[in-house]
Amino acid sequence: MESRENPAFGRKVFFLNPAFSTKNVIVNKLIEDEFEVYVIDDYRDVKSVLRNFPDAICFINIDDQLTHEQWFNFIKSFETDETLKSIFLGILSSRINKADRDLFMLKASIPAGFIMTNERLEDITDTIRGILNINGAKGRRQYVRTNCESDPNALMLVRIGGKMYKMHLLNISIVGAACILAPQYKNMFQANSVIRNISVMLGGKYFDCTVAVYAVISTPDYCKLVLLFMHGLSYAVKKLIRGYITDTLQKRVLDIIKANPRDIEDYSKAVESAEKQETEDEAFLLDVSDEELQDEKNSGKDQLIQDESGLADIPESVVSKFNGKPEDLSITPLF
């Protein structure tokens with residue numbers, strides 16, 4: 001796999017066919033650490049998703065759905081796909097034998113490592129976290145943010161002067177949010193001011209908070225507020241926000257899956273590697289048997305006969321005489 005710099009905006013992290021403990025402990029811990037994590041349960045759905053995210057990292061549990069041999073062919077198929085070969089693949093397993101593990105380690109491209117999952121969950125999480133950090137999974141950002149524009153129920157309610165103002169959320173993370181309101185209300189908010197008595201509604205639930213106005217962006221059609229949460233959000237509120245972000249992002253992956261056909265490739269058949277194809281392309285085109293070579297050696301007919309000067313005469317049967325007609329200048333094809 002070609003070496004690439006870590007992307008500025010990080011990498012999406014996928015877990016394919018994760019075991020129960022991976023899905024419910026490790027994945028949740030990585031989400032709390034602000035990695036952008038997704039889960040795909042069926043191998044037949046993953047390629048259509050990953051083609052949209054060529055910088056992604058994908059950890060594959062190979063103890064289920066396919067045999068180890070089929071998983072090996074599945075992983076090798078990424079190497080010959082121009083879109084998928086940039087994906088950073090990693091392997092998770094709790095019961096693979098040494099011979100099969102050596103096969104993956106030596107013959108497959110797995111830049112995200114081979115991780116045995118029969119260790120302590122804390123140790124496995126630390127290992128995966130280290131791999132994600134080395135490969136720039138977070139990039140320059142520190143917090144995962146999701147877009148809320150298409151969710152009509154993602155709202156922020158502000159009480160000012162005895163009145164309630166409703167603003168639609170544009171995006172949100174655990175450190176802040178952006179919202180939109182009508183332009184006639186733009187003078188109600190100033191940058192570097194503090195707004196108390198804010199209620200945020202997400203996924204049918206709500207929480208109260210205090211925010212600082214980081215920026216006010218005005219246009220003729222609307223006013224956009226960029227807000228930062230103050231006083232430190234409680235663990236329960238952070239869990240609510242992260243849950244909403246995760247569910248929203250995961251739904252977009254499910255939409256991709258629904259919009260694309262499933263993978264029907266038969267991975268019981270070995271995948272021809274790119275290196276083998278390149279070697280065969282460079283091979284000589286004509287295949288001559290030993291018998292043909294021997295017949296050619298023994299035959300004196302139409303062979304070049306070298307005279308004393310060391311020059312070769314071309315037999316008349318090899319080259320037709322040119323009689324001045326243009327059609328006699330044609331080239332005889334090899335095949």
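The values are calculated or read from the model by the stated rules, or taken from the named source; none is laboratory data. Nothing here was measured: the structure is a model prediction, and the numbers come from that model. Every residue, glycine as well, gets a Cβ built from its backbone with ideal geometry; the counts of neighbours run over all protein chains shown. In case anyone asks, the SASA skips ligands and DNA or RNA and just uses the protein heavy atoms, side chains included. Shrake-Rupley method; radii C 1.70, N 1.55, O 1.52, S 1.80 Å.
Computed on protein heavy atoms with a 1.4 Å probe, the accessible areas place R95, R120 in the order R95, R120, largest first.
For the cross-link pairs K12/K238; K163/K224; K12/K224; K76/K251; K98/K258, which exceed 26 Å when the distance is taken from alpha carbon to alpha carbon? Table pairs above 26 Å Cα-Cα are K12/K224; K76/K251; K98/K258. Magnitude of the charge dipole for the stretch 48-164, about its Cα centre and with charges confined to Cβ atoms of Lys, Arg (+1) and Asp, Glu (-1), is about 600 debye. Look at the Cα gyration tensor of the stretch 81-209: its axes a ≥ b ≥ c give a/c of at least 1.5 with a/b over b/c, and that counts as prolate.
Among H231, H168, the order of accessible area from largest down is H231, H168, computed with a 1.4 Å probe on protein heavy atoms.
Simple rule: put +1 on each Lys or Arg Cβ and -1 on each Asp or Glu Cβ in the stretch 106-195, find the dipole, and look at G136, N192, I110; the Cα lying farthest toward the positive end is N192.
Put a plus charge on the Cβ of each Lys and Arg, a minus charge on the Cβ of each Asp and Glu, and nothing anywhere else: the dipole of the stretch 111-220 about its Cα centre is then about 520 debye.
If you take the square roots of the eigenvalues of the alpha-carbon gyration tensor of the stretch 1-102 and sort them as a ≥ b ≥ c, do you get rounded (a/c under 1.5), prolate (a/b over b/c) or oblate? Because a/c hits 1.5 or more and a/b fails to exceed b/c, the stretch 1-102 counts as oblate. One Cα centroid belongs to the stretch 85-120, the other to the stretch 160-193; the line between them spans 48 Å.
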